[in-house]
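Below is one structure, written out as structure tokens; comments come after it.
Values in this text are rule-based calculations from the coordinates and carry no lab data. Quick caveat, the model's predicted, so the values are computed rather than measured. So basically every Cβ, Gly included, is an ideal-geometry build from the backbone, and we count neighbours across all protein chains shown.
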Amino acid sequence: MSAVVVAASGLIKWGLLGKILVLSAGISVGLVVLFTLAVNSLSAYRREGAAALSRTMNAAAVALTSVAIVATLVWGMYYIIHK
Amino acid sequence: MHNSFLLVLVVLIAVGFDFTNGFHDTANSVAPTIATGAMKPRTAVLMSSTLNIVGAFLSLKVAATIASGIVSQTSIILPVVFAGLTGAIIWNVATWYLGIPSSSSHALIGGVVGAMLAHAGGHAVEWSGLVSKVLAPATASPIFALVIAAIATTLSRRLTQKSDSTTKSWGMRTGQIGSSALLSIAHGTNDAQKTMGIVTLALVANGTLADNAATPKWVVVMCGVGIGLGTYLGGWRIIRTMGQGFTKLSPTQGFAAQVTSSVVILSSSHFGMPLSTTHVAAGSILGSGVGTKKRTVRWAVAGRVAVAWLLTLPAAGACGALSFLIERLVGFSFGQVLTGLITIGFCAVIFKLSRRDRINAENVNDEWGGHSEALEHVKTTPVVEPTEVSA
């Protein structure tokens, strides 16, 4: 069994798999958290009785996170076309 | 070698494979979107189908060789490609009937490797390539996706605890539509090109095209439409397993799963190690279940799917080898017609069987374990409904 593992380990590109894992984890978790923050800000913006300043701040947060998400999607599209 | 008859048969069976690839993989892009009600079932598959066709036209940079680095390219002949395609179609259709999401790419590679073994023996197969390009990524991809989706779901769930449920559901569902669209385009780009590569290879092998010729426009249109049509018409049985069988998805889980799938697939393509969309999507959905408070996943269903993944290469390979041996036994021209007819007959029988417990847009979201169950004989663990309110 161990011989099989050793033989296979030379064939498997562990470094490449590691890079894929790290990059995917960073972008996926980052995007989901960013989107979640946008949803949270939107929820706070819609809350009745919130102060005007708080509403403005939340609206700005929604706009910023939305721009970041759209930028990531545009990058995704660009990458699909030009990879 | 010029044999227009064999060439036409290969092109026809390649389009058939393209179609099954489409309906088999619809679930990868839209299952969570449909399960959470982010889009109506027919609207979701229509969007996915259209974007798969768009994706097919976006890029033609994938290598125009099938199973490159896995089987000896110099030993490939049209009957091997034909037999490999029949093996892949048979496995795709059989797993579709059982509602099992298995990789169409692995089925195709298995079919071609099996046919090549029957044609030229073990020396024509590059076993190291099979391990490094197929087996290792096949094992790693669902695990990667599961872990990442579990982390993303956990974080998202905790961060939105104080948000009002209506805004949260609306927001996450809107996000799902965007991530589903991205996934559909990526799928069309990757998978339609797989068939374009086969047809181009057949044209080159037949002497119809020069060695380094570009893929003809008619091939691009044919493959794009084939995968798009398959995406629109089929896949309900697998959509049901992916959307309802693994876990009960909330919009937060669905969004986390779809973002994870899109990013893992694009990242792996970036590093030149394309992973199976099916394995990644299934891993992400399972991970989104693990990321819930009660870790609600039906592991019995996941285990059954994992067994099918293990069987994909050998089973499609056996079908491909058998198909090639039949072709050789009766002569390649008649043999291809015969194996083609056997494949069509098999598909017709499976289609007829599937009408007994029909799954379609109307019942795809029924409670798991209810009527018209593709996996009804699997004993499943009841899953507690997510606490998130559905708008």
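Numbers below:
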{"read-out": "For the stretch B:85-125, alpha-carbon Rg relative to the globular expectation (2.2 N^0.38 Å, N residues)", "value": "1.27"}
{"read-out": "Efficiency of FRET between A:Y78 and B:F334 - r from beta-carbon atoms, R0 45 angstrom, step 0.05", "value": "0.35"}
{"read-out": "Shielding by other protein chains, B:138-145, mean Cβ within 10 Å", "value": "3"}
{"read-out": "Peptide B:164-175 - average C-beta neighbours from other chains (10 Å radius)", "value": "4"}
{"read-out": "Shielding score for B:184-197, defined as the mean number of other chain Cβ atoms within 10 Å", "value": "1"}
{"read-out": "Ellipticity estimate at 222 nm from DSSP helix runs (n ≥ 4, -39,500 (n - 2.57)) divided over chain A, nearest 500", "value": "-31500 deg cm²/dmol"}
{"read-out": "Nitroxide proxy distance, nm - points 7 Å out along Cα→Cβ at B:T166 and B:D357", "value": "4.0 nm"}
{"read-out": "Of every Cα-Cα pair in the stretch B:233-309, the percent that sits beyond 17 Å", "value": "46 percent"}
{"read-out": "Space enclosed by the convex hull of the alpha-carbon atoms of the protein assembly as shown, per residue, Å³", "value": "138 Å³"}
{"read-out": "Over 22 Å (Cα to Cα) - which of B:K40/B:K168; A:K19/B:K248; B:K162/B:K293; B:K40/B:K294; B:K194/B:K217; B:K162/B:K294 fall in this group", "value": "A:K19/B:K248; B:K40/B:K294"}
{"read-out": "Calculated [θ] (222 nm, deg cm²/dmol) that DSSP helices of n ≥ 4 give over chain B, each run adding -39,500 (n - 2.57)", "value": "-23500 deg cm²/dmol"}
{"read-out": "Descending semi-axes in whole angstrom, ellipsoid equivalent of the stretch A:2-82, from the Cα gyration tensor", "value": "43, 16, 7"}
{"read-out": "Scattering profile of chain B at q = 0.06, 0.08, 0.12 Å⁻¹ [log10 I(q)/I(0), Debye over alpha-carbon scatterers]", "value": "-0.22, -0.39, -0.85"}
{"read-out": "Chain lengthening between B:L135 and B:L325 when straightened (0.36 nm per residue, less Cα-Cα)", "value": "65.8 nm"}
{"read-out": "Cβ-Cβ FRET estimate between A:A60 and B:I350, R0 fixed at 51 Å, reported to 0.05", "value": "0.35"}
{"read-out": "Gaussian network model of chain B, springs between alpha carbon atoms under 10 Å - residue of B:S169, B:S104, B:S262 with greatest fluctuation", "value": "B:S169"}
